[in-house]
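Let me begin by presenting the structure, written as C-alpha cells, before commenting on it.
Read-outs: derived from the displayed coordinates by stated rules, not from any lab. Everything quoted here is computed from the prediction, not taken from an experiment. Backbone-built Cβ (ideal geometry, glycine too); neighbour counts: all protein chains shown.
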Amino acid sequence: MKNLFRIELIKTIYYPTFWAILLLHSLFFVIIIALGANLDINIQGVQVFKLFAPNYIWGTTAWIASWFNLLLAIMIIVLTGNEIQYNTFRRQLLDGLNRNHLIIGKFALIAGLSLYVIFLVTVTGFIISLNSGEPSISGFFYGFKFVLILGVQSLAYMSLAMLTAIVFRNIALSIIVFLLYFIMIEPFIRIFFASNIDVYFPVKLISNLTPMPDFMGMISSELSAMQAVDPNSIAQLQSVPDGLSLGISVPLCLIYIVVFVSVSRILLKVRDF
C-alpha cells in the first residue's frame with residue numbers, strides 16, 4: 001500500500017492541474033470562512049447568525065467545505081481520465097503492477113485527499129476558535145464529528161468520480177455526466193419515488209451527510225433567551241431534518257463507497273487498457 005501510494009504521488013505532484021485545483025479548493029474555502037466569521041447581522045438586538053459560535057462552528061465549516069467536494073471529484077476525474085487516455089495504466093501493467101494495484105493506488109490517493117479535507121477544516125476551525133476569544137477544549141471538540149463525516153462524504157464523492165471516469169474514459173464526457181447526475185438525472189428519477197425511499201439514493205444520501213446549519217433553530221434560541229416572542233411561535237420556527245439520521249446515513253455511505261470502488265475494480269479487470 002505504501003509503495004502504491006508513493007507511485008500515485010509521483011504521478012500526481014508533477015501535474016500542474018492537480019495543484020491548481022487544490023489551490024482553488026483551499027483558497028475559496030478559506031475566503032468564504034473568513035468572510036462568514038466576520039459576518040455580524042443583528043435584528044432588533046438579536047444576533048441572528050451565530051454560525052461560528054462554539055456550538056455551531058464544526059457543523060458550519062463542514063457544510064461550507066462540502067460545497068467544494070465537487071472540485072475534488074472533478075480533479076479525480078481528470079487524473080483518472082488522463083491515465084486512461086495516455087496509457088499510464090497500461091504502462092504500469094507492463095512494469096509489473098496488476099489491475100488490483102491500480103485501483104488500490106487510486107483509492108489511496110482519494111483517501112489522502114479526504115484526510116487533506118479534514119486537516120484543512122480542522123486548522124481553519126481552530127484558528128477561528130482562537131480568534132473568538134472563548135477557546136476551550138470541550139468547546140473545540142463539540143460537534144467535531146461533522147468534520148469526520150465530511151471526510152467520509154468527500155471519500156464518497158471522489159469514489160463516484162473515479163467510477164464515472166473509468167466508465168466513460170473521456171474526461172470531458174465524464175465531468176458532464178457526473179455533474180448532470182448530481183444536478184438533473186438523479187433528482188428527476190427521485191420524483192417517481194416516495195420521500196421515504198428517495199432518501200436512499202446515493203447523491204441525496206451523500207449530500208445530506210453535511211446538512212445546512214439550523215438557521216431557524218439559532219434564531220428561535222436567541223428569541224427565546226430574550227423572551228421576545230411567544231414560545232408557541234418559537235416552536236414553529238424549529239427546522240425538521242430532511243433525510244435519514246447520521247447513524248443510518250454514514251454506514252450506508254460507506255457501503256456506497258465499497259460499491260463504487262468494487263465496480264471500478266471489476267471494470268479495470270475486464271477492460272483492455
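Expected output is a single nm value to one decimal: the length gained when fully extending between PHE28 and LEU267, i.e. 0.36 nm times separation in residues minus the C-alpha distance. What is it? Spell out each step's value before the answer.
Values: separation 239, 0.36 × 239 = 86.04 nm, distance 3.47 nm.
So the extension gain works out to 82.6 nm.
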Less than 27 Å apart at the alpha-carbon level, and either on another chain or at least 8 residues along: which lysines does that give for LYS11? LYS2, LYS106, LYS269
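In what order do MET158, MET184 fall by count of nearby beta-carbon atoms within 10 Å, going from fewest to most? Numbers along the way, then the final one.
On the way: MET158 29, MET184 10.
The most exposed by this proxy come first: MET184, MET158.
What's the exposure ranking of LYS145, LYS2, LYS204, going from fewest to most Cβ atoms within 10 Å? Present the calculation step by step, with values, prior to reporting the outcome.
Working: LYS145 14, LYS2 7, LYS204 18.
Lowest to highest Cβ neighbour count: LYS2, LYS145, LYS204.
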Test of understanding: ordering ILE185, ILE149, ILE31 by Cβ neighbours within 10 Å, fewest first, what list do you get? ILE31, ILE185, ILE149
Residues of segment 141-174 with backbone N under 17 Å of the label point set 7 Å from the Cα of PHE192 along Cα→Cβ are none
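Determine the gain in length on full extension of the stretch LEU130-ASP95; use 0.36 nm per residue of separation and subtract their C-alpha separation, reporting nm with one decimal.
Numbers: separation 35, 0.36 × 35 = 12.60 nm, distance 5.03 nm.
Extra length from LEU130 to ASP95 when fully extended: 7.6 nm.
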The FRET efficiency for ALA53 and LEU254, from their Cβ-Cβ distance with R0 = 30 Å and rounded to 0.05, is 0.45
Note: LEU9 to SER245 extended length (0.36 nm per residue) minus current alpha-carbon separation gives 81.3 nm
